[in-house]
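A short worksheet on the structure shown next.
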Amino acid sequence: MDRGGTWVRVLAGSRAGEERAARWPASRVPDLERPLARLLRRWRIAPEEIGALVVASRGVWTAAERRAAEHGLRGLARRIRAISDVEAAYRGALGEGAGVLLLAGTGSIALGRDARGGWRRAGGLGPLLGDEGSAFWIGRQWLRATAGEASRPRLRRLLGAPDAVRRIAALAPAVLRRARGGDSQARHVVAEAQRELARLLHEAARRARLRPPVRVSWAGRLMDDAAFRAGVWRAARRQGLRIAPRPPTEAPVRAALGLAIAALAPTTRTPRGP
């Protein structure tokens with residue numbers, strides 16, 4: 001189960017190899033219990049029939065956060081494990097080996113894994129303190145570069161909106177289109193975003209003490225843009241980081257299902273999340 005991005009995605013697998021999938025708009029971790037319980041009733045699956053449930057969610061980093069998320073879902077399966085959505089994305093992209101996942105959507109983070117399986121992160125501090133190079137960052141920089149006196153009333157309304165971060169991030173695709181069309185201001189904003197993401201990638205690789213060439217992969221709508229992504233890789237190489245990019249192997253929700261299946265094997269030990 002993956003609660004990353006704007007959707008909750010559920011993937012259930014049986015010992016017979018049958019699978020079922022569902023999704024609904026994302027909310028907070030405690031709000032998962034009731035919709036998930038309703039889904040299980042609709043699927044006619046009793047909680048005691050579920051051997052393991054793995055939830056990959058935003059805002060799950062520390063042991064206390066994992067315990068709180070797991071506690072909120074108690075009673076829905078015999079075993080429950082909560083991990084970060086970025087960890088699920090990493091496992092889906094790069095499996096169990098060392099490397100760096102660069103996630104850039106509304107926010108941004110680079111998650112590295114060292115040779116011993118330990119996790120190292122760079123960024124991921126949210127719009128107030130971080131999210132360098134993200135869609136939100138691009139939208140904000142564009143507004144700064146283009147704001148004039150006549151646009152101030154519109155900007156004040158935008159900044160005062162309860163979903164201001166999402167709305168500012170939604171400007172990024174248009175900025176990328178302008179950059180490809182030759183707009184000099186847009187090209188400057190996009191190039192700087194790519195350099196910021198490359199710095200996150202470099203920092204995560206340094207913290208994980210990875211030897212070059214570093215295996216890297218990606219997640220998030222911004223990094224799904226092939227032209228933008230290629231610019232990030234070029235920026236990383238200009239900063240002196242030898243990288244070996246590879247596309248994600250599978251979706252984060254499938255990686256979470258893999259962890260749930262592994263939890264049913266008594267001899268399998270899976271390292272805890274970052």
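The values are calculated or read from the model by the stated rules, or taken from the named source; none is laboratory data. If you're wondering where the values come from, they're calculated on a predicted model, not measured in any experiment. Here Cβ is always computed from backbone atoms with ideal geometry, including for glycine, and neighbour counts include all displayed protein chains. Note: accessible area is taken over every heavy atom of the protein model, side chains too, but ligands, DNA and RNA are not part of it. Shrake-Rupley method; radii C 1.70, N 1.55, O 1.52, S 1.80 Å.
Work out Dmax and Rg for the chain from the C-alpha atoms and quote the Rg first, both in angstrom.
In Å, with Rg to one decimal and Dmax whole: 19.9, 66.
Determine the per residue accessible area of the chain with all protein chains present and a 1.4 angstrom probe, expressed in square angstrom.
Details: 14630 Å² over 274 residues.
Averaged over the residues of the chain, the accessible area is 53 Å².
Obtain the nm distance between the two label points defined at residue 19 and residue 170 by a simple spin-label model: each point lies 7 Å from its Cα along the Cα-to-C-beta direction.
Result for the modelled spin labels: 3.1 nm.
Which whole-number percent is the relative contact order of the chain (Cα, under 8 Å, 6+ apart)? Write down the numbers at each step before the final one.
Details: 502 pairs, mean separation 61.2, N = 274.
Over the chain, the number comes to 22 percent.
So what is the diffusion coefficient of the stretch 183-222 in µm² per second by Stokes-Einstein at 25 °C and 0.890 mPa s, using a Kirkwood Rh over Cα pairs? Present the calculation step by step, with values, prior to reporting the outcome.
Values: Rh = 11.7 Å.
Calculated translational D: 209 µm²/s.
Looking at the stretch 53-131, what % of its DSSP beta bridges pair antiparallel, to the nearest 5? Could the numbers behind the result be given before it?
On the way: 11 of 16 bridges.
Within the stretch 53-131, antiparallel bridges account for around 70 percent of the total.
With only Lys, Arg, Asp and Glu charged, each at its Cβ (+1 for the first two, -1 for the last two), find how big the charge dipole of the chain is about the Cα centre; round to the nearest 20 debye. Don't skip to the answer; put the middle values down first.
Values: 52 positive and 24 negative charges, 54 e Å.
Its charge dipole is roughly 260 debye.
When the expected Rg is taken as 2.2 N^0.38 Å, what fraction or multiple of it is the alpha-carbon Rg of the stretch 136-196? Working shown, then result.
Details: Rg = 11.6 Å, N = 61, 2.2 N^0.38 = 10.5 Å.
Taking N as the residue count of the stretch 136-196, the ratio is 1.11.
Run through the DSSP bridge list for the chain and note the antiparallel percent, rounded to the nearest 5. Don't jump to the answer; show the numbers that get you there.
Values: 19 of 33 bridges.
Close to 60 percent.
Once Lys and Arg get +1 and Asp and Glu get -1 on their Cβ, which of 95, 8, 175 lies farthest toward the positive end of the dipole of the chain?
175
Could you go through the stretch 191-206 in sequence order and give the Karplus-derived ³J(HN,Hα) for each residue, using 6.51 cos²θ - 1.76 cosθ + 1.60 with θ = phi - 60°, rounded to whole Hz, and x for Gly and Pro?
Per-residue couplings from phi come out as 4, 5, 4, 5, 5, 5, 5, 4, 5, 4, 4, 4, 5, 5, 5, 5 Hz.
In whole percent, how big is the carbon plus sulfur part of the accessible area of the chain, probe 1.4 Å, protein atoms only?
Carbon with sulfur: 51 percent of the solvent-accessible area.
If amide H atoms are built 1.01 Å from N in the plane of the peptide, which residues on other chains or at least 5 residues away come under 5 Å of the amide H of residue 7?
Close amide H contacts, sequence-distant or interchain: 26.
Explain nothing, just the number: dipole magnitude of the stretch 141-242 about its Cα centre with +1 on each Lys and Arg Cβ and -1 on each Asp and Glu Cβ, in debye rounded to the nearest 20.
Values: 24 positive and 8 negative charges, 69 e Å.
Charge dipole of the stretch 141-242: 340 debye, to the nearest 20.
Quick one: grab Rg to one decimal and Dmax as a whole number for the stretch 77-213, Cα atoms only, in Å.
17.6, 59
Rounded to whole Å and sorted largest first, list the principal axis extents of the Cα atoms in the stretch 86-125.
29, 17, 11
With the dipole of the chain worked out from charges on the C-beta (+1 for Lys and Arg, -1 for Asp and Glu) around the Cα centre, which of 25, 43, 57 lies farthest toward the positive end?
Checked the options; the winner is 57.
Cα-based Rg (one decimal) and Dmax (whole number) for the stretch 34-158, in Å?
19.6, 62
As an exercise, find the ratio Rg/Rh for the stretch 141-241 from alpha-carbon atoms, using the Kirkwood inverse-distance average for Rh. Numbers along the way, then the final one.
Numbers: Rg = 16.1 Å, Rh = 15.3 Å.
Over the Cα atoms of the stretch 141-241, Rg/Rh equals 1.05.
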